[in-house]
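Accompanying notes for the structure given below.
No lab work stands behind these numbers, since they all come straight from the coordinates. The shown structure was predicted, so the numbers you read here are calculated from the model rather than taken from an experiment. Here the Cβ positions follow ideal geometry from the backbone for every residue, glycine too, while neighbour counts run over all protein chains shown.
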């Protein structure tokens, strides 16, 4: 499984136009297709942070839902995630299909709309922490608080942003469908943005909730349940570092779960950057996974071959 960050589709300094995202997806697909050419069967997951922000912003700009006399219903957060899964699945899947066609006609790709079950009583629902959408001024923030019940927090120098719950993933409902597609030879795009967050109100009956699921944690859960041996987490650096950007910075090559836990307990991996990836790596190994490889997209092939990257193993 290859977990691609949402920011891989919108690079620093870019506006995030569709043309930019399509071109960036082609670059990412080129790296992933080389893994398929080497004989790997691959599931691709991806983030959606910037894209969900765009969808929310468009919904917010409608205001009360009326535009030139036409009612436009506001979108709930689970619908925003669903919309982004479809759009990004199209972009990533199309790019993968083009690259896989260079390998041979037997290589096919498919995007699976994916729901992730969370607990309705997860403590995260009482402590929203995940920022989404754009920054607004104080007056707009107060309106969202009073009218919509949003939790708004101030970010220094930027304004106020909405924060939402990020509950832990408990199950990916489409796991068995993804397994069948893999066995049939498809390269599968799934679990976009961590999956559409749902809770089980009655046995077999699911309802969307206002939350987002961390993409790396959901990927680790899905990979473990599929029995995938290797989880590759794409990030902006070739290797994970401890004492990052300090004079005694050290890159991590091969590291055990117990060593990684000690580094995490010492505060080496901030929650807003490398923290979720490290937690996902630990979760995957503790659920029976064999190895987690963390590296940049362009280095994934070399990393999976053992020539670079950070390799997390049991122990």
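Some notes on this structure:
- Kirkwood-based Rg to Rh ratio, the stretch 215-263, C-alpha trace: 1.04
- Computed over all pairs of different Cα atoms, the Kirkwood value for the hydrodynamic radius of the stretch 1-140 is 17.3 Å.
- Computed packing ranks the peptides 222-234, 31-43, 190-202 as 190-202, 222-234, 31-43, most packed first, by mean other Cβ atoms within 10 Å.
- According to the Cα-based calculation, Rg over Rh for the stretch 110-203 is 1.12, with Rh computed by the Kirkwood formula.
- Bins of 20 Å, starting at 0 and running to the largest distance - Cα pair percent for the chain: 32, 59, 10, 0
- Cα gyration tensor, the stretch 257-299 - rounded (a/c under 1.5), prolate or oblate: oblate
- Between residue 145 and residue 290, the simple spin-label model (points 7 angstrom out along Cα→Cβ) gives 5.3 nm.
- Cα-based shape type of the stretch 160-263, given that a ≥ b ≥ c are square roots of the gyration tensor eigenvalues and the cut on a/c is 1.5: oblate
- Size-normalised alpha-carbon gyration radius of the stretch 1-78, reference 2.2 N^0.38 Å: 1.47
- Tensor-based shape of the stretch 61-179 (alpha-carbon gyration tensor, a/c under 1.5 rounded, otherwise prolate or oblate): prolate
- Candidates 70, 151, 45: whichever shows maximal mean-square fluctuation once the chain is modelled as a Gaussian network with Cα springs under 10 Å: 70
- Fully extending the segment from residue 155 to residue 307, taken as 0.36 nm per residue of separation minus the present Cα-Cα distance, adds 50.7 nm.
- Once the Cα atoms are used to define both axes, helix 18-37 deviates from the longest principal axis of the chain by about 30 degrees.
- Extension gain for residue 254-residue 171 works out to 26.9 nm (0.36 nm per residue, less the C-alpha to C-alpha distance).
- Per residue of the chain, the DSSP helices (runs of n ≥ 4 H) give a summed -39500 (n - 2.57) that works out to -11500 deg cm²/dmol at 222 nm.
- The chain: most fluctuating residue of 19, 254, 57 per GNM, C-alpha cutoff 10 Å: 19
- Degrees, to the nearest 10: 275-286 long Cα axis against longest axis of the chain: 50
- Relative to its residue count, the stretch 238-315 spans a Cα convex hull of 93 Å³ per residue.
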